[in-house]
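The values are calculated or read from the model by the stated rules, or taken from the named source; none is laboratory data. Here the structure is a predicted model, which is why all the values come from computation and not from measurement. Cβ atoms come from the backbone with ideal geometry, glycine included; neighbour counts cover every protein chain shown. The protein model used for the area step is the full one, side chains on, heavy atoms only, and it has no ligands, DNA or RNA in it. Shrake-Rupley method; radii C 1.70, N 1.55, O 1.52, S 1.80 Å.
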Amino acid sequence: MNSTPACLLDLRLQSVTLNQEMQETLQLENTNMAFAKWARSFSSTTQSELQQMMHHLLTEGLHETSLHVTLKKSFQKYDCKLVHLTNGQIVLTLISPYNDSHTNHSTDHTIPHSDNSKVKSVSRKTVQIKPRKGILPFSNIREAQLSKRMTHLVDKFPHGLAFISNTWDITYANPKMEELTGVSFEKSINKKLWDVYPVDEYYHVFQNYLRAMETQETIEFELLIQKTDIVVEMTVHPTELGLTVFAQDITQYKKHLQALKDSEERFAVLANNIKDVFWITDPDFKELHYVSPSFQTLFGLSRRDFFENPSAILDVIEGAHREKVEKALSMMREEKYQVEYKIKDFHGKEKWVRTRGFPVKNQGIPYVIGIHEDMTEYKEMVQLKEKSQQLSTISQMSAGIAHEIKNPLTAIKGFLQIGAANPELRDNYQEIILDEVNRIETIVQDFMMLSKPKSSIQLEEVELHQVISYVKRLLEPEAEEKEIKLTVESTYSDEKIMTEPKRLNQILINLVQNAIDAVGEAGEVSIDVKTSSEYITISVSDNGPGLTSQEIAKIGEPFFTTKEKGTGLGVMVSKKIVSDLNGTIEYESEKGEGTTVTVKLAK
């Protein structure tokens, strides 16, 4: 029985399911294939005869027939049996190799259906050889053998299969049906359907069975079998003999479907209750696959219009930003990228939007996934913060200016009053008055330097050694007067740099002057210059008292200074100039170990 080649033909679906023996006999690669491909396994004559025999089975009410077939690849001849199970479904078996010594077979062996109801619900007792469960009885030994083979074939059918007669008797069920229903059909064969399945519990099932019988149409429905907790898809085919019932286990499919539905619901809850806009599109941004509901609130466009025309979003982007948005979208096809831009929706409201996107693949299909964020409130908050900082700085600097200028003005006023009252003493205070005027002038000049915009910079080629020599010659007399050792160490020769000479001079003068003021008498100050292919690094070091970490953190704040008569503006000016020249400035110091200030400028 195990070596019987057999297959199930479904003429409605034009498909064929083969057992392993049939697959090996026909020398085919698959066990499931299209009917046309399977038919080409036979000779041209056999194909024509098969078509005729199947036509007879379907149109003349025949139950079975037989013929001789010839295989196309091996030229082997077989006796072939065809049995019509139900509408459009035929079981075909190759019984044995055919040769001339066999008794001729013809369609005279076909068994037409009878209108006799006893035939429609035939009992197993008419067959002497009893298989586990039979489909239909046969009248001789050869047909009994075929019955066993048919039973073996349907027993191995991957879905549940059962036959119910016109009188509602259960005439057959395969093992898979037993597994799905949890009912042993050894005990229920030839019993009435309602004796096995109570009508009150399976009312829906009986409704569909009765409908199939009355309308003679195929009925499909889903059923949860309580006993086994299995969900099946039931297909009921009406035939002349009753009903053929197929049951396919779809439990896992339903679980996966429910899990997917739950996941979609959770995502919908998230997408519907968040201000940010989620979107999924193709890499060309021509086909939109998903956009969350908040899109309309952010852009003022309906989602329907956006689905129909994804490029419509460009219409609300301000013209100056449109080019960079298009460039950013192009970058998102290759890598994670983001862009900020300004829009004006159809209500005329201006907004700032940040779009982030990145490429992904799902089952080999590329997509771009991203998010639109409303940055309007954040931008407004940043602007308010900047204005607040500006006002705070102006207030702080105004107080500092008033304080720094008030002191020398007070001294000037006092000495002028003394000179007015005592003309003979006027010359004694002249030098002090001039020093205080110079101090006021220095403060004003520093503020003027801070107010110069970066755009006023005029770059020119400068020889670095000339700048260093100038600063050294300028400050060397003061250093010698205080017995401070001022040295220059450098690795440059005739290096040139593109910069503004006055500003670079001002940086070095401020840094060296601060170092001289910090070390006091008998100290050391060194200027170290290093060059590379891209940068010039200037370091000014001293062996003064150094700074604490708290003091380093405050460097650059208006009027913060550690010097007795300092204003703190020199450091502010130095930082401003370095920034304008696209450089960096760093402070390294430790209390009692001195200070090193490093300026790094591009060539």
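For Cα pairs less than 8 Å apart in space and 6+ apart in sequence, what is the mean separation divided by the residue count of the stretch 183-269, i.e. the relative contact order in percent?
Averaging sequence separation for qualifying contacts and normalising by length gives 17 percent for the stretch 183-269.
Just to confirm a number: summing +1 for Lys and Arg and -1 for Asp and Glu over residues other than ILE497 whose beta-carbon lies under 15 angstrom from that of ILE497, what do you get?
Computed value for this residue: -2.
Sticking with the crude label model, points 7 Å out along Cα→Cβ, report the distance from LEU416 to GLU186 in nm, one decimal please.
Using points 7 Å along Cα→Cβ, the separation is 12.6 nm.
Provide the per-residue ³J(HN,Hα) series for the stretch 299-305, in order, calculated from phi with Karplus coefficients 6.51, -1.76, 1.60 and θ = phi - 60°, each as a whole number of Hz, with x at glycine and proline positions.
Here the 3J(HN,Hα) series is 9, x, 10, 6, 5, 4, 5 Hz.
Can you compute the charge dipole magnitude of the stretch 147-293 about its Cα centre, using +1 on each Lys and Arg Cβ and -1 on each Asp and Glu Cβ, nothing else charged? Give it in debye, rounded to the nearest 20.
So the dipole magnitude of the stretch 147-293 works out to roughly 380 debye.
Got a sec? Which residues in the stretch 310-334 would a label at LYS344 touch, if it sits 7 Å along Cα→Cβ and we count backbone N under 17 Å?
Those under the cut-off are 313-323.
State, in angstrom, two size descriptors of the stretch 187-310 derived from its alpha carbons: Rg to one decimal place and Dmax to the nearest whole number.
23.9, 70
Pop a pseudo-label 7 angstrom from the Cα along the beta-carbon direction at both LYS286 and LYS227 and give the gap in nm to one decimal.
Modelled inter-label distance: 5.8 nm.
Take the stretch 197-266, drop everything but the C-alpha atoms, weight them equally and run the Debye formula without solvent; then report log10 I(q)/I(0) at 0.13, 0.17, 0.24 Å⁻¹ to two decimals.
-0.47, -0.70, -1.04
Given a cut-off of 17 Å, what percent of all Cα-Cα pairs of the stretch 245-378 lie beyond it?
64 percent
Can you sort LEU391, LEU8 by solvent-accessible area, 1.4 Å probe, largest first?
LEU391, LEU8
Name all residues of the stretch 346-373 having a backbone nitrogen under 18 Å from the label point set 7 Å from the Cα of MET331 along its Cα→Cβ direction, giving them as ranges.
Inside the label zone: 353-360, 368-373.
May I ask you to order 577-588, 269-280, 508-519, 27-38 by the average number of other C-beta atoms within 10 Å around their residues, highest value first?
My ranking of the peptides, most packed first, is 508-519, 577-588, 269-280, 27-38.
Please list, in order along the stretch 526-538, the HN-Hα scalar couplings obtained from phi with the Karplus expression 6.51 cos²θ - 1.76 cosθ + 1.60 (θ = phi - 60°), rounded to whole Hz, x for Gly and Pro.
Each residue of the stretch 526-538 in turn: 10, 10, 10, 10, 10, 10, 9, 5, 10, 10, 10, 10, 10 Hz.
For ASP427 paired with VAL444, estimate the spin-label separation in nm (one decimal), with each label point 7 Å from Cα along the Cα-to-Cβ line.
Result: 2.8 nm between the two label points.
Report ³J(HN,Hα) in whole Hz for each residue of the stretch 223-237, in order, from the Karplus equation J = 6.51 cos²θ - 1.76 cosθ + 1.60 where θ = phi - 60°; Gly and Pro get x.
Residue by residue, the stretch 223-237 yields 9, 9, 7, 4, 5, 10, 6, 10, 9, 10, 9, 8, 10, 10, 9 Hz.
I need the peptides 188-200, 418-430, 536-548 ranked by packing, meaning the mean over residues of other C-beta atoms within 10 angstrom, with the highest value on top.
536-548, 188-200, 418-430
For every other residue with a beta carbon closer than 13 angstrom to the beta carbon of VAL231, add +1 if it is Lys or Arg and -1 if Asp or Glu, then tell me the sum.
-1
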